[in-house]
Amino acid sequence: MSGSTNAPLIEVRDLGIRLNTSRGPAQAVRGVSFSLKRGETLGLVGESGCGKSVTAMALMGLLPESAVVSGSIRLDGSELVGLSDANYCKLRGNRISMIFQEPMTALNPMHTIGRQVAEPLRRHTNCSAAAARKEAIALLDRVGLPDAAKRVDAYPHQFSGGQRQRVTIAMALACQPDVLIADEPTTALDVTIQGQILDLIADLVAERGMSMILISHDLGVIAENVQRMMVMYGGTVVESGATNAVFTRMGHPYTQGLFRARPRLGARKGTRLKTIAGTVPELADLPAGCTFADRCTIVEDRCRAALPAVVDVSAGHGVRCVRTDVSMAEAVGAVGA
Amino acid sequence: MSTPISASVDVGAATVRPQVPTGFWRRALRHRSFVIGGTLSLMVLGAALLSLVWTPWSAYEIDVASKLRPPSAAHWLGTDVLGRDIVSLLLVGARSTIMVGIIAVGIGITFGVSLGLLAAARRGWTEELIMRMSDFTFAFPAVLSAIMLAAVAGPGMVTSITAIGIFQIPTLVRVTRGSANAIWAREFVLAARASGKGGFRITIEHVLPNVLPILIVQATIQFALAILAEAALSYLGLGTQPPQPSWGRMLNDAQTLLFQSPMLAVYPGAAIAVAVLGLNLLGDGLRDLLDPRLSRER
Amino acid sequence: MSVFIFRRFLTLIATLLGASLIIFLVLDALPGNAAQMLMGADASPDAVRALTIKLGLDQPLYYRYVHWVMGLLTGDLGNSYVYGTPVAGLIAERLTLTIPLAIMSMSMTVVLALSAGIYTAANHNKLGDVGVMSLTQFGIALPNFWFAILLILLFSVKLQWLSAGGFAGWDESILAGIKSLLLPAISLSVVQAAILARVTRSAVLEVLREDFVRTARAKGLSKRDVLWRHVLRNAMIPVMTIMGLQFANLLAGTIVIENVFYLPGLGRLIFQSIANRDLIVVRNCVMLLAGVVVIVNFVVDVLYAFIDPRIKVHNL
């Protein structure tokens, strides 16, 4: 592995992504910047359609061909935006890996799981079929698939959802990647399995010194699994910082809304689940100013005029809001609620 | 329940019968394959209707003296080996083709749709039996059953119509039953059953109207298949018999004269191709327009 | 899996029996006395009776049916009413033409259709896709016998490269035999290929939208590798279904095309036999064609079980 430990492994600068949707071109992501050091973990949180998955696909270089990407994504200093697909193929599954949301459909039903786990090894390393198979069994064993040696030749439909997700994790880890992107890895799973899978991912990240980008709509998952987090809304990062800092001092009205809207255990009967009024804006017709303006309770005229700049409310904690003074004062009861 | 119900339950909305979608014609006239297909189909239909009242020459009168004439002002596409005017033969041929097509598809729809609806309404062994029977009929393409019929009853229009009609049934059974089953699983049918309506009434009131768009699309495509089959049977001499003109028969006649008058083999085939292409495009267009859920690339 | 195949095998037997029964009823019971048909309406009753006994038509219906089915199993199909020679021999002779013709046109169909279907799916919505798809729309509309005549017009009448019909046979040289089947095979396959290409294209496009394609890309496979290693096998299921059904059409097509090119194959034999009122030959030929169609569809179903691992478990 190359690069010193202090230099960022991944550095994203002013990333913009334009997609062609059925409703015309849409600016799915704009002005997203972050960096990630080796071994660091970063969470991306937001509602569906906020641009978090699109950002992940941009990192993987798997956006549709019609997508227009601007800005810069650097891995170990080398630029990924505009990289040819042939060169990107050498990185995917090798230095950057990804785990997807739907384990039920993410595996090819026609191939044995052993073959699918061994595939990145065969592709990126020059190990023999037998060696790749052996390694696949070891990986399956490591991710906690019972009877890995026996079941390596079984087909995906013979496994449960949780087991399949373990298989996709084994697949993603096969080539010891530097970065792991986990896009809602537990959303499609039973609640009882969710914790196990997240623990497994956390263990593996620590064990192999990988960096991880964890994408989730669930604040709880983010709170427990990452060191730093970014809250996305309407294609922009509205708040970012150390996970603790963001949870302690929510600077953006949207983050606060998201926090209030989560279902709580032990809430009194009859308590209405808080919702954020309004709906997520269509990416095809985003407002000119703050993307959250239409749903914000403390909106002002200047919010609609232009996209607010990022305000550093403390070291490494940035909020894209012009009214941080008010919003942060209102963030009462955020801790310990 | 203490949580307020936020999402409205929309069962009532779905019981509304499917109507021609709003702005159907506006959308239709902008749909390329619908417009092209519709135009071609209308041309063939127009030719058939025209032949009822007028043809440039008689399509039946033989005039050996003026046989195999090249195209001229009098005979736009020339004459055949019996001196009959090609344009007139093509016009009357369109009539035979369309008639065989309509009757054969009619047979197919009558039996296919009823059996398909019955299979969906009854399920169980009725469904199993109907489906096995239709699988089985699939083993006999139109040409094969026409051969069997011709062997015992002699060739002719009735033979070809029957054979093509039988050949249409299995496809229509499958399509009808498939989409009818989907309708039977819908909430508004459950509601109708809960209110005590019988299988027959539900089929007529709810299932049939809902599968109608799919059947219209399928019937268009079956029509195209029927035209192809009719042409093949007439070409083989199993279908429409002389002196009644038919496109397939014209091709057979023309084949013996390929070296003298090659163009005679081109016109009737082109007429068949235009009719089939028109109906296929029309079917594709209707599929897109009537039911967006069906509009997958074939 | 074996349970699945066994169950499917039972349906196959039932279907074959059903087909034989219908064919027998239509071609043997329905026409009344075949001997009368052979000799014409003005034949003397004595002569008709003599022929009836000679042909075994005086036996009861069920006996004749069972006798025929047993004959099908042993290869003894009886003698032609007209030629007096064994029907099995007549058919076997004609099959030396029809089987190669069917194999040639089916392979052409598959090669053409798969390459066109995969090419268009890989270039979805690009110029090549739109172009090839418009071509297939025309291909589907072509009557195959007309296409055959157009081929004759071009290659025989105009260019004079190939003969307009007839069969050179296999004795002289295999190449000469293949050459005389070339135009018939092309005319049979082009239309079928147009349909199959469209099916292949939509099947591949459907699979390309699946999640596991993204997973495979995320592993570092190029688009090309994903297509060949992951997509095609999944897309083959609907394609094979249509191929099985097309085989029935292909056989029916050989009847027509053999007539266009004056090829002495099974199709011509059926035709001549209809003209000769040789119903026993017609009956056996039709049974053969229907049987092949049913068996091919059985084979396709069994192949699913080998291609798709999910079927094994579902049916155990």
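The values are calculated or read from the model by the stated rules, or taken from the named source; none is laboratory data. All values derive from a computational prediction rather than experimental measurement. Reconstructed Cβ throughout: ideal geometry from the backbone, glycine too, with neighbour counts over all protein chains shown. What goes into the accessible areas is simple: the full protein's heavy atoms, side chains included, and nothing from ligands, DNA or RNA. Shrake-Rupley method; radii C 1.70, N 1.55, O 1.52, S 1.80 Å.
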Does the stretch B:16-39 contain at least one residue that is out of contact with any Gly (no Cβ under 8 Å at 6 or more places or on another chain), polar (S, T, N, Q), at pLDDT below 80 and open to solvent by 30 Å² or more (accessible area, probe 1.4 Å)? yes
Among A:G144, A:G114, A:G161, the single one that is touching a helix residue (DSSP H, G or I) at 6+ places or on another chain (Cβ under 8 Å), without any contact (Cβ under 8 Å) to a residue 60 or more places away in the chain and away from chain C (no Cβ under 14 Å) is A:G144
Select from the stretch A:210-232 the residues that are at pLDDT 90 or above and either assigned to a loop (DSSP other than H, G, I, E, B) or under 16 Å from A:C321 (Cα atoms) (or both) and list them in ascending order. A:M210, A:V226, A:Q227, A:M230, A:V231, A:M232
Of all residues in the stretch A:176-199, which are assigned to a loop (DSSP other than H, G, I, E, B) and open to solvent by 20 Å² or more (accessible area, probe 1.4 Å)? A:Q176, A:T187, A:A188, A:D190
Residues of the stretch B:40-71 satisfying the condition of being modelled with pLDDT under 80, of a type in the set (A, V, I, L, M, F, W, C) and farther than 17 Å from B:M250 by Cα: B:A65
Considering every residue within the stretch C:137-156, establish whether at least one is away from chain B (no Cβ under 11 Å) and surrounded by fewer than 14 Cβ atoms within 10 Å (Cβ to Cβ). no
Name the pairs: first residue in the stretch C:93-107 and under 11 Å from C:T254 (Cα atoms), second residue of a type in the set (D, E), Cβ to Cβ under 9 Å, at least 6 apart or on different chains? C:L97/C:E258; C:T98/C:E258; C:L101/C:E258
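If only one of A:D203, A:D153 is in a helix (DSSP H, G or I), surrounded by fewer than 16 Cβ atoms within 10 Å (Cβ to Cβ) and modelled with pLDDT of 90 or more, which one is it? Spell out how you get there, then give the answer.
Details: A:D153 fails: in a helix (DSSP H, G or I).
Just a single option satisfies the conditions, and that option is A:D203.
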Applying the selection to the stretch A:4-31, what residues are outside any strand (DSSP E or B), open to solvent by 60 Å² or more (accessible area, probe 1.4 Å) and in contact (Cβ under 8 Å) with a residue 24 or more places away in the chain? A:T5, A:N6, A:R23
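Mind telling me which of the residues C:V132, C:V199 ends up being at the interface with chain B (Cβ under 10 Å from one of its Cβ atoms) and open to solvent by 20 Å² or more (accessible area, probe 1.4 Å)? Quick ask: steps written out before the conclusion?
Values: C:V132 fails: at the interface with chain B (Cβ under 10 Å from one of its Cβ atoms).
On inspection, the qualifying residue turns out to be C:V199.
Report, by residue number, each residue of the stretch C:282-293 that is at the interface with another protein chain (Cβ under 10 Å from one of its Cβ atoms) and surrounded by 21 or more Cβ atoms within 10 Å (Cβ to Cβ). Show your work before the answer.
Taking the stretch C:282-293 first, the residues at the interface with another protein chain (Cβ under 10 Å from one of its Cβ atoms) are C:282-283, C:285-286, C:289-293.
Correct list: C:V282, C:R283, C:C285, C:V286, C:L289, C:A290, C:V293.
Could we say that C:L227 is closer than 30 Å to B:I221 by Cβ and either within 25 Å of the chain's Cα centre (by Cα) or more than 14 Å from chain A (Cβ to nearest Cβ) (or both) here?
Working: closer than 30 Å to B:I221 by Cβ: yes; either within 25 Å of the chain's Cα centre (by Cα) or more than 14 Å from chain A (Cβ to nearest Cβ) (or both): no.
So C:L227 fails the test.
Out of C:R209, C:R229, C:R233, C:R224, report the one residue that is out of contact with any helix residue (DSSP H, G or I) (no Cβ under 9 Å at 6 or more places or on another chain) and within 30 Å of A:L63 (Cβ to Cβ). Break it down into steps so the answer makes sense when it comes.
Working: C:R229 fails: out of contact with any helix residue (DSSP H, G or I) (no Cβ under 9 Å at 6 or more places or on another chain); C:R233 fails: out of contact with any helix residue (DSSP H, G or I) (no Cβ under 9 Å at 6 or more places or on another chain); C:R224 fails: out of contact with any helix residue (DSSP H, G or I) (no Cβ under 9 Å at 6 or more places or on another chain).
Matching residue, one of C:R209, C:R229, C:R233, C:R224: C:R209.
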Given the condition free of Cβ contacts under 8 Å to residues at least 40 places away in the same chain and at the interface with chain C (Cβ under 7 Å from one of its Cβ atoms), answer yes or no: does some residue in the stretch A:124-141 qualify? no
Tell me yes or no: at least one residue of the stretch A:49-63 is of a type in the set (A, V, I, L, M) and more than 25 Å from A:H217 (Cα to Cα). no
Output for the stretch B:182-235, where each listed residue is open to solvent by less than 10 Å² (accessible area, probe 1.4 Å), within 14 Å of chain C (Cβ to nearest Cβ) and within 13 Å of the chain's Cα centre (by Cα): B:Q222, B:A224, B:A226, B:I227, B:E230
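Test C:A275 against the stated conditions and say whether it is within 12 Å of the chain's Cα centre (by Cα) and at the interface with another protein chain (Cβ under 10 Å from one of its Cβ atoms). Reasoning before the result, please.
On the way: within 12 Å of the chain's Cα centre (by Cα): no; at the interface with another protein chain (Cβ under 10 Å from one of its Cβ atoms): yes.
In short, no.
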Failed item, numbered, when B:S246 is tested on (1) closer than 30 Å to C:F271 by Cβ; (2) of a type in the set (S, T, N, Q); (3) more than 12 Å from every other protein chain (Cβ to nearest Cβ); (4) more than 19 Å from the chain's Cα centre (by Cα): (4)
Kindly check whether there is at least one residue in the stretch C:178-188 that is touching a Pro at 6+ places or on another chain (Cβ under 8 Å), within 19 Å of C:A116 (Cβ to Cβ) and not in a loop (DSSP other than H, G, I, E, B). no
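Could we say that B:F167 is touching a Pro at 6+ places or on another chain (Cβ under 6 Å) and either modelled with pLDDT under 85 or within 18 Å of C:I255 (Cα to Cα) (or both) here? Let's see the steps before the verdict.
Working: touching a Pro at 6+ places or on another chain (Cβ under 6 Å): no; either modelled with pLDDT under 85 or within 18 Å of C:I255 (Cα to Cα) (or both): yes.
Spelling it out, it is not the case that B:F167 is touching a Pro at 6+ places or on another chain (Cβ under 6 Å) and either modelled with pLDDT under 85 or within 18 Å of C:I255 (Cα to Cα) (or both).
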Is it fair to say A:S97 is part of a strand (DSSP E or B), within 13 Å of another protein chain (Cβ to nearest Cβ) and open to solvent by less than 60 Å² (accessible area, probe 1.4 Å)? yes
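Conditions tested, residue by residue: (1) assigned to a helix (DSSP H, G or I); (2) among the β-branched types (V, I, T); (3) under 17 Å from B:V274 (Cβ atoms).
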{"residue": "B:I202", "(1), (2), (3)": "yes, yes, no"}
{"residue": "B:L208", "(1), (2), (3)": "yes, no, no"}
{"residue": "B:L212", "(1), (2), (3)": "yes, no, no"}
{"residue": "B:T220", "(1), (2), (3)": "yes, yes, yes"}
{"residue": "B:F223", "(1), (2), (3)": "yes, no, yes"}
{"residue": "B:A226", "(1), (2), (3)": "yes, no, yes"}
{"residue": "B:M250", "(1), (2), (3)": "yes, no, yes"}
Scan the stretch C:200-207 and give yes if some residue there is without any contact (Cβ under 8 Å) to a residue 60 or more places away in the chain and within 22 Å of B:A229 (Cβ to Cβ), otherwise no. no
